[in-house]
1. If contacts are Cα pairs under 8 angstrom and at least 6 residues apart, what is the relative contact order of region 163-229 in percent?
2. For Asn176 and Met19 in one chain, what is 0.36 nm times their gap in residues minus the Cα-Cα distance, to one decimal in nm?
3. Can you put Ser60, Ser130, Ser198, Ser164 in order, fewest other beta carbons within 10 Å first?
4. So what is the relative contact order for region 34-228, in percent, with contacts set as C-alpha pairs under 8 Å and at least six apart?
5. Have a look at Ile118, Ile157, Ile17 and tell me which one the Gaussian network model of the chain (Cα, springs below 10 Å) gives the largest fluctuation.
6. Name the helices (complete DSSP H segments) of the chain with a Cα length along the long axis of 20 Å or more and a Kyte-Doolittle mean of at least -1.0, or state none.
7. Answer rounded, prolate or oblate for region 34-228, using the Cα gyration tensor with square roots of eigenvalues a ≥ b ≥ c: rounded when a/c is under 1.5, else prolate when a/b is larger than b/c, else oblate.
8. Which of these, Cys94, Cys187, Cys146, has the largest mean-square fluctuation under a Gaussian network model of the chain (Cα springs below 10 Å)?
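What follows is calculated from the coordinates using simple rules that are stated; it is not laboratory data. In this text, all values refer to a predicted model and were calculated from it rather than measured experimentally. Quick reminder, even Gly has a Cβ in these numbers, built from the backbone with ideal geometry, and neighbours come from all protein chains shown.
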Amino acid sequence: MEIVIFYIIVAGLAILISMFFLYQLKKKERIKIDEQQQKTEIKPEECLEPEEEELVFLYSKEMLRNSANIKISDDGLKKAVKFVFYKNESSENCEEEIIFAPHLKNDEEKKAAATELINTISAALARVNSEKTQCPYYFWNWAPSCKDHSHMHGTIIKWDCAASPELLSQKSFRGNYHPGTIYGCYCFAQTLPEGIKSFKPPYNYYDGKKIVTLSKKELNKLCNIQKRK
Ligand SMILES: [Zn+2]
């Protein structure tokens, strides 16, 4: 009888201990989810000033100038900038604003072109963010879903000196452009202060003609990142 009571007590304790650990685990998960949600929300200090929003519009317009797939009115583009800025990034939101080029026949092609618009606005937003850091360069971040630009991954490029990824890989010229601003490209630009957290030296740098390498010291000379920290 005593043994039975002993086992009941042991079993009860075991249940209590496992419930305690389960509770701690759930608590950790909840904190993690909360942190993730906080990250995706726009914080007030990240809001763009009206003149910065205007700059995003102007840079987007400039980057879309040679787009073979989409034409959009200034008002339509301003609306689209707001879609991206307020993180409501569904390309369907912008489709009614776009005049698609006639060669885009089916919905899938049109959807890809609308995504091109969203990615272009994101690139313009990255340019404005770069300018806030007083460092007019970016890291080309290759997205594995982009078929053509794996060779561009980690390359540092100046915003007013777009590269031609095709010429750099001995393919047919499609223009000089920034990541995300051409059909089928899901790559994105990252500011230098952000990029140096993930890319290690020696860095690839596009000097206006070819890709050369930069040491950390040379990169700091280029942009004076350390002083601003
Ligand atoms: Zn790409």
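1. Dividing the mean separation by the residue count of region 163-229 yields 21 percent.
2. 50.5 nm
3. Working: Ser60 25, Ser130 22, Ser198 10, Ser164 14.
In increasing order of surrounding Cβ atoms, one gets Ser198, Ser164, Ser130, Ser60.
4. Working: 278 pairs, mean separation 35.3, N = 195.
Result for region 34-228 is 18 percent.
5. Among Ile118, Ile157, Ile17, the largest GNM mean-square fluctuation belongs to Ile17.
6. Correct list, ordered by number: 2-40, 50-64, 107-132.
7. Numbers: a/c = 1.88, a/b = 1.25, b/c = 1.50.
The shape class here is oblate.
8. Between Cys94, Cys187, Cys146, it is Cys146 that shows the largest mean-square fluctuation.
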